[in-house]
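The structure appears right after this line, and notes come after that.
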Amino acid sequence: MATVFASDSAACSAEALDERVELTLTTFNVLNPIFARINAEGARESTDEQLWLARNEAIVRQLCASGSDVLCLQEYWVGGPPSFHELYERELCAKRGYTRVVSAREGRADGCLTLLGPRVSVVGEVVEVHFGSFADRVAHIVQLRVRTAARERGGGGAREQPPPLSLIHI
């Protein structure tokens with residue numbers, strides 16, 4: 001589920017030449033409860049809090065176990081009840097230090113959620129893109145900065161940053 005992206009440093013100092021920037025990323029479609037059918041009659045999971053809560057607790061456990069620097073979730077229930085949002089906030093943001101970027105599809109209850117781990121931060125603004133004429137899809141583009149050991153020590157030298165991260169809900 002996790003992918004490791006590595007980039008050799010574009011370094012100005014001998015110390016920095018040995019440093020690689022690695023970033024782990026997990027992407028996952030969490031299947032929004034408003035889309036999940038639970039029986040042949042077409043009942044939706046969103047009508048049964050016990051069902052969607054249990055499934056999303058299992059998803060959050062897997063995301064926590066991944067240890068990824070960046071978590072990209074599609075079909076996040078942006079329009080869901082407070083208990084849905086509290087689960088993700090409590091387990092990933094409050095307990096593990098992730099920060100979040102959310103984009104909702106226009107007129108829909110779902111969208112994208114990107115969670116950035118403690119050593120990852122946003123550089124500049126988040127660009128949200130809406131593809132209204134293409135099935136109301138949404139994306140956000142985020143330029144990331146990854147904290148490295150040399151940066152923690154105050155080491156100098158220019159570093160190559162990972163390319164902007166784009167999460168598209170399709």
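The values are calculated or read from the model by the stated rules, or taken from the named source; none is laboratory data. As the structure is a prediction and not an experimental result, all values here were calculated from the model. When we count neighbours, we look across all protein chains shown, and the Cβ atoms used for this are built from the backbone with ideal geometry, even at glycine. In case anyone asks, the SASA skips ligands and DNA or RNA and just uses the protein heavy atoms, side chains included. Shrake-Rupley method; radii C 1.70, N 1.55, O 1.52, S 1.80 Å.
What the table shows:
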| quantity | calculated |
| --- | --- |
| Members of the range 82-95 that are part of a helix (DSSP H, G or I) and either modelled with pLDDT under 95 or more than 17 Å from LEU53 (Cβ to Cβ) (or both) | CYS93, ALA94 |
| Residues satisfying the stated conditions in the range 62-87, i.e. more than 11 Å from the chain's Cα centre (by Cα), over 24 Å from GLU22 (Cα atoms) and not aliphatic (A, V, I, L, M) | GLU75, TRP77, GLY79, GLY80, PRO81, PRO82, SER83, PHE84, HIS85, GLU86 |
| Given (1) surrounded by 13 or more Cβ atoms within 10 Å (Cβ to Cβ); (2) at pLDDT 95 or above, index of the condition VAL21 fails | (2) |
| Condition check for ASP110: among the charged types (D, E, K, R), within 15 Å of ASN56 (Cβ to Cβ) and surrounded by 20 or more Cβ atoms within 10 Å (Cβ to Cβ) | yes |
| Candidates VAL60, VAL78, filtered to the one that is among the β-branched types (Val, Ile, Thr) and part of a helix (DSSP H, G or I) | VAL60 |
| Residue selected from the range 55-78 under the condition open to solvent by 10 Å² or more (accessible area, probe 1.4 Å) and small (Gly, Ala, Ser), by the criterion farthest from THR26 (Cα to Cα) | ALA58 |
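Per-residue answers, yes or no, for (1) surrounded by 14 or more Cβ atoms within 10 Å (Cβ to Cβ); (2) modelled with pLDDT under 90:
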residue: GLY80; (1), (2): yes, no
residue: GLY97; (1), (2): no, no
residue: VAL101; (1), (2): yes, no
residue: LEU115; (1), (2): yes, no
residue: PRO118; (1), (2): no, no
residue: GLU125; (1), (2): no, yes
residue: GLU128; (1), (2): yes, yes
residue: PHE131; (1), (2): yes, yes
